[in-house]
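Input: a single structure, listed below in structure tokens.
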Amino acid sequence: MSDEISLSGEKAFRLLEAQSFPSDNKFGAVFYDKEGTGITIIGFKGGYILTGQKKYSNTVFLKNTELELVFPTPNQELQDIVDSTKSNFDILLEAAENRKEAVYNKLATMGYPLDLCKASLEEKEFIIGVLTRKSSPSKYDRTKIFDVAKDPQVDLKIMRWYVSFFSKWLQDIEWKNFPEPEGRMHLAYLYRHTADYLRVLKVTNVTEFGQQRFPCASGMLAVLCTIRAATLLDVYELHWDPELLKVARKTIGKAWAMTKSEHASLVYKRLEKFERELESQEYVKKVNEAYKDWASYI
């Protein structure tokens, strides 16, 4: 084997994170920066690439796709490790004669509504690579998928398609651990925007727990409370139960106490509008009750 191996982006990151990849630079890798300058690598340790001048985090490849990890003289051992880090879709792409056709065919078999999809080809490739892995994706990958799913231009049918994946990932992640804040936020957002309000309230019920049962940063807890309060108002518009406004006020108050965000402010304004309308209706009821025997006054 003589042809060099050049990796960038997620392929380079996956290789460096692989348990089978050695910490010493036995394969003679060279790190190329965005100017194309080759930098000699001393070794790999603790998620970093070590060079004579400085160290680079493995995640640098995720932040800048112009960077390359090059192996000038690879051997079969290295090739086997590289192959082991490939996703099912990487293998499919290498075998496919037409990149676009391979992407569309794979998405079609996954039930993806292609006629409504506005994602770029690169985004589609990333989506497939993440969703076809056997294990639950990393928090980083789930966040990237969420950013695609919550795009305002995404059709609701596509958003509903994503829900099943986020639901499964959350179940897998929480199986032996505490509830995961980010996963619950992702799912709550998607449930709310697909009008599945009951599931929003179920997945955000952790906001009623204490820190011991639900360890969560205040910023993320505020987001969950804001989504929950907004959903309570969505339900109120359907059922007009005044008790919902009381619970919504308590919930958004908790969010506001932690982070005075624009989203929380909008929920407050919507809540106050409903409360004014309700007060007006109650006033009319009281006046009508007071003057129901008006004929006897004449």
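Here are a few things to note about the model shown:
- Residues of the stretch 120-164 classified as small (Gly, Ala, Ser) and in contact (Cβ under 8 Å) with a residue 60 or more places away in the chain, total: 1
- In summary, residue 275 fulfils each of the numbered conditions (1) open to solvent by 50 Å² or more (accessible area, probe 1.4 Å); (2) modelled with pLDDT under 95 with the single exception of condition (1).
- Residue ID - nearest to residue 3 (Cα to Cα), chosen from residues in the stretch 27-67 that are aromatic (Phe, Trp, Tyr) and in contact (Cβ under 8 Å) with a residue 24 or more places away in the chain: 27
- Candidate set: the stretch 123-144, residues that are hydrophobic (A, V, I, L, M, F, W, C) and touching a Phe, Trp or Tyr at 6+ places or on another chain (Cβ under 7 Å); chosen: the one most open to solvent (accessible area, probe 1.4 Å): 131
- Within the stretch 167-192, residues that are within 15 Å of residue 150 (Cβ to Cβ) reach partners that are modelled with pLDDT of 95 or more and among the basic types (Lys, Arg) with beta carbons closer than 8 Å, at six or more positions or on different chains, in the pairs 187/199; 188/228; 191/199.
- Of the residues making up the stretch 55-75, those that are more than 27 Å from residue 144 (Cβ to Cβ) and open to solvent by 40 Å² or more (accessible area, probe 1.4 Å) are 72, 73, 75.
Listed here are the residues, each with its yes/no results for (1) more than 29 Å from residue 146 (Cβ to Cβ); (2) modelled with pLDDT of 95 or more; (3) in contact with a Cys (Cβ under 7 Å, 6 or more places away or on another chain).
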site: 211; (1), (2), (3): no, no, no
site: 217; (1), (2), (3): no, no, no
site: 228; (1), (2), (3): no, yes, no
site: 267; (1), (2), (3): no, yes, no
site: 298; (1), (2), (3): yes, no, no
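- Subset of the stretch 1-27 that is assigned to a loop (DSSP other than H, G, I, E, B) and aliphatic (A, V, I, L, M) - its residue that is farthest from the chain's Cα centre (by Cα): 1
- Scan of the stretch 235-246 for residues that are surrounded by fewer than 17 Cβ atoms within 10 Å (Cβ to Cβ) and part of a helix (DSSP H, G or I), ordered by number: 237, 238, 239, 242, 243, 246
- Looking only at the stretch 207-232, and only at residues there that are surrounded by fewer than 20 Cβ atoms within 10 Å (Cβ to Cβ) and not small (Gly, Ala, Ser), the one that is nearest to residue 265 (Cα to Cα): 220
The values are calculated or read from the model by the stated rules, or taken from the named source; none is laboratory data. Computed from a predicted structure; not experimentally measured. Every residue, glycine as well, gets a Cβ built from its backbone with ideal geometry; the counts of neighbours run over all protein chains shown. Side chains are part of the model used for accessible areas, which takes the heavy atoms of the whole protein and leaves out ligands, DNA and RNA. Shrake-Rupley method; radii C 1.70, N 1.55, O 1.52, S 1.80 Å.
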